[in-house]
Amino acid sequence: MFPTFLLSLKQAGLPVSVTEYLTLMGAMKAGVAGYSVEDFYYLSRSCLVKDERHLDRFDRVFGTCFKGLESAEGIEARELPEDWLRKLVEKLLSPEEMEEIKALGGFDAIMERLRELLAEQKGRHQGGSKWIGTAGTSPFGGYGYNPEGVRIGQKESRHRRAVKVWDKRDFRDLDGDVELGTRNFRVALRRLRRFARQGAPTELDIPDTVRATANNAGMLDLKLVAERHNTVKLLLFLDIGGSMDEHVKVCEELFSACRTEFKHLEYFYFHNYPYEKVWKDNRRRYEKTIPTWEVLRTYGPDYRLIFVGDAAMSPYEITTAGGSVEHWNEESGRVWLDRMTSHYRRAAWLNPTPANSWEFVQSISITRQLMERRMFPLTLAGIDEMTRELSR
Amino acid sequence: MPAFHSTETYIASRDLEVAVNAAVTLERPLLVKGEPGTGKTMLAHEVAAALGHPLIEWHIKSTTKAQQGLYEYDAVSRLRDGQLGDARVHDIANYIVRGKLWDAFDAEAPVVVLIDEIDKADIEFPNDLLLELDRMEFFVYETRQTVIARRRPIVIITSNNEKELPDAFLRRCFFHYIRFPDRPTMEKIVQAHYPDLRHDLAREAMNVFFQIRDVPGLKKKPATSELLDWLKLLMVEDMPAETLRTKDTHLVIPPLHGALLKNEQDVHLFERIAFLARRGGG
């Protein structure tokens, strides 16, 4: 049973290894968990999970493995692909709604049904009244109208343990730890690094010490210098939602790579085009926005600015005031882009769509013109080119 | 071996107890993460007190190097002594300065080592301590001596998640994420700290506290330590419970809010919400 558990965890994408498994076995043998299932749950969690982001996934696997639910291949189906849920809107269960759920046979029954569905379902689903997906009337999924709706992928766990925690799976903010493929990006981005000595002098400067000691007639005179640090500062503006959905993976990779490679990195999200406000948290993009002016004031011109977006939209969204699809913008997108690129001399736009299609999309051409042709495809070669441009 | 349990001053959830006891039994390091102010550092103190072991604290800063926890060779004093003709200079061991881990390895009785805020250090820091924490031994190059722990110390490591820790390091640790306590647990914690707190005041304060935590968009949500500070202030000021009670369900800015809200944006946000609520309600 236990090896199955380990394998299931592995299949569910948790980074567990034999070492941890042996640790768990050791702890069991030493009698840490006693004979209580709950303690065993805590113990195995403490041994096998090393990151709070994985807690939920662990709970799900634990739930299936120790509930006698046969699903050797089911685990993988249970891993909700994030594009099913991308359209999720905030819908938390209120106490009244919890009451209503009782109409459907109670919370446990609904969860039971959800689990069955998850095991059955194979693809993204939209509309309809049974499957999990978006825009339907099924009790599960997002964007739905069923008052008994179970919101899949919510912010915090309400039901803490095992199978009832179907949580934290929404990737609305770009996940910073997509490891696959980030290495190449990191290597490419490394070209941007600029080293400078900053901070408290802690390193012995040998040539200077020798010189000073000689000057001092052989009596030791120590000279110290500060350590070298990467001083490149980066501002990342990421387009999110809408037509960018299909590029989420590559954007996540880029974002992960940037996060590990640069200490001074600030990122903001925007939709389609940068206007007067941006945000840092997609779940609260309406409540918690940051005025773009504030960004310009806070981060000086020594930052390098990178936009990531497909720039594919109606040209009016760029050229006219009030053209935004989401809100009334007092000033046009082009005014804002000009303002930003004139503040940040070193700026570039990374576009995930293939470069050979750019000229056929009017908005891309306009943007490219506004960026003074500093638009690069979001590929290794493109990043390479971009770093060269930004290092000037 | 005595097991770790909640004490009168520290309320530990069952999962935390299991994690600590597993780490103690298997003599592996325990990595503790969690929101700031949920008692990560306190845990080490409490574990040391519960097991009756002395505590060795190693606080990590951005400039801390792994080597400093083991030992440092003070080449500069040796050079100076050499120039002054001091006899001490002939023995290199005179210039080996012991670090915290050496102290811990060398202790006769078992000790608890706290490596506090490991994520503050350089990204390579945890990697540099892999072998030392795994085998609990290290080699001193200058004196050709291997230091082996007499008794494997209990190592508790805290992290605030500022940096990712390497997998190889994580694999060697037990991990526990301290969740923010729910209301009943919080009541127990408050009870443990201030047994003579008036019930009505505690209840009202708790209401206000959880209400504040629910305000969306706060930069730093108040945590346990903030609540305890605030309660202490309320007690010192001898605040009547009525001042905390709101007539309607809307928010008002609580007295002495400085203990709960730690930056001006949050205070500002709160004021704005309270203002809107007042206007909407009245």
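Things to note:
- Taken together, the residues in the range B:146-177 that are in contact with a Lys or Arg (Cβ under 6 Å, 6 or more places away or on another chain) and either more than 22 Å from B:ALA19 (Cα to Cα) or among the β-branched types (Val, Ile, Thr) (or both) amount to 1.
- Some residue of the range A:263-279 being within 14 Å of chain B (Cβ to nearest Cβ), outside any helix (DSSP H, G or I), under 16 Å from the mean Cα position of the chain (by Cα) and among the aliphatic types (A, V, I, L, M): yes
- When the range B:184-208 is filtered for residues that are outside any helix (DSSP H, G or I) and either in contact with a helix residue (DSSP H, G or I) (Cβ under 7 Å, 6 or more places away or on another chain) or over 16 Å from B:THR9 (Cα atoms) (or both), the ones remaining, listed by number, are B:TYR194, B:LEU197, B:ARG198.
- Taking the range B:7-124 and the strands (runs of 3 or more DSSP E) fully enclosed by it, the elements with 3 or more residues that are crowded, with 20+ Cβ neighbours inside 10 Å and in contact (Cβ under 8 Å) with a residue 24 or more places away in the chain are at B:30-34, B:112-116.
- Residues of the range A:19-55 classified as over 19 Å from B:PRO29 (Cβ atoms), more than 10 Å from chain B (Cβ to nearest Cβ) and outside any loop (DSSP other than H, G, I, E, B), total: 1
- Total residues in the range B:155-183 satisfying the condition of being in a strand (DSSP E or B) and within 14 Å of chain A (Cβ to nearest Cβ): the figure is 9.
- Those residues of the range A:280-294 which are within 14 Å of the chain's Cα centre (by Cα), at pLDDT below 80 and not in a helix (DSSP H, G or I), in sequence order: A:ASP281
- As for the range A:1-8, it holds at least one residue that is over 27 Å from A:GLU252 (Cβ atoms), of a type outside the set (D, E, K, R), modelled with pLDDT of 80 or more and exposed (fewer than 13 other Cβ atoms within 10 Å of the Cβ).
- The residue pairs whose first member lies in the range B:254-280 and is closer than 21 Å to B:GLU237 by Cβ, whose second member is of a type in the set (Lys, Arg), and whose beta carbons are closer than 8 Å, counting only pairs six or more residues apart or on different chains, are B:LEU261/B:LYS220; B:LYS262/B:LYS220.
- The residues of the range A:339-371 that are aromatic (Phe, Trp, Tyr) and outside any helix (DSSP H, G or I), listed by number, are A:TYR344, A:TRP349.
Conditions tested, residue by residue: (1) of a type outside the set (Val, Ile, Thr); (2) without any contact (Cβ under 8 Å) to a residue 40 or more places away in the chain.
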residue	(1), (2)
A:THR341	no, yes
A:GLN362	yes, no
A:ARG373	yes, yes
A:LEU380	yes, no
A:ARG388	yes, no
A:ARG392	yes, no
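- The set of residues in the range A:318-335 that are buried (at least 19 other Cβ atoms within 10 Å of the Cβ) and modelled with pLDDT of 85 or more comprises A:ILE318, A:SER332, A:GLY333, A:ARG334.
- Hey, A:ASP208 at pLDDT below 80 and out of contact with any strand residue (DSSP E or B) (no Cβ under 7 Å at 6 or more places or on another chain) or not: no
- Residue check for B:ARG78: under 28 Å from B:THR9 (Cα atoms), within 13 Å of chain A (Cβ to nearest Cβ) and over 17 Å from the mean Cα position of the chain (by Cα): no
- Being outside any helix (DSSP H, G or I), β-branched (Val, Ile, Thr), touching a Pro at 6+ places or on another chain (Cβ under 7 Å) and over 30 Å from A:GLY322 (Cα atoms) is a property that does not hold for A:VAL250.
- Checking the stated criteria, A:LEU14 turns out not to satisfy the condition of being under 28 Å from B:GLU164 (Cα atoms) and either modelled with pLDDT under 80 or assigned to a helix (DSSP H, G or I) (or both).
- Residue in the range B:133-145 that is among the hydrophobic types (A, V, I, L, M, F, W, C), more than 14 Å from every other protein chain (Cβ to nearest Cβ) and in contact with a Lys or Arg (Cβ under 6 Å, 6 or more places away or on another chain) present: yes
The values are calculated or read from the model by the stated rules, or taken from the named source; none is laboratory data. Not measured: the values here are computed from a predicted model. No Cβ is skipped: glycine too gets one built from the backbone with ideal geometry, and neighbour counts run over all protein chains shown.
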